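Please read the structure below before turning to the comments.
Laboratory data are not the source of any read-out in this text; all were calculated from the coordinates shown. Worth saying up front: this structure is predicted, and the values here are computed from it rather than measured. Ideal geometry is used to build each Cβ from the backbone, glycine not excepted, and the neighbour counts take in all protein chains shown.
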Amino acid sequence: MTLARELFETDLTFHCPGCETAVVRKGSWIKSAKVFICDACNTQTRLTYGLKLAIFDAHLHRDAPPGLPATRGQSRR
């Protein structure tokens with residue numbers, strides 16, 4: 001599965017796994033970013049390819065929750 005190119009210039013919303021703050025970034029930012037650091041709580045989350053796919057998929061399928069999937073060991077404070 002690949003990241004949907006049609007979403008690269010689209011604002012995508014996801015939620016910080018640490019504090020649930022809504023974050024909006026362009027699909028191209030999500031595609032190229034390796035780490036997300038929340039401005040609200042400073043939680044640092046590695047943006048693995050699987051997490052990126054989940055964010056893009058949540059936007060393509062609006063019935064899915066827009067947060068980052070919960071994975072152990074992915075976030076640090």
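Quick notes on this one:
- For residue 26, the residues whose modelled amide H falls within less than 5 Å of its own, excluding neighbours fewer than 5 places apart on the same chain, are 12.
- Close amide H pairs (under 5 Å, H built 1.01 Å from N) link residue 43 with 38, residues at least 5 positions away or on another chain.
- Size of charge dipole - segment 5-68 - debye, nearest 20, with Cβ of Lys, Arg +1 and Asp, Glu -1, no other charges: 280
- Counted over segment 5-68 with a bin width of 10 Å, the fraction of Cα pairs per bin, in whole percents, is 23, 60, 16, 0.
- Between residue 57 and residue 10, the modelled label-to-label distance comes to 1.6 nm, taking each label 7 Å out from Cα in the direction of the beta carbon.
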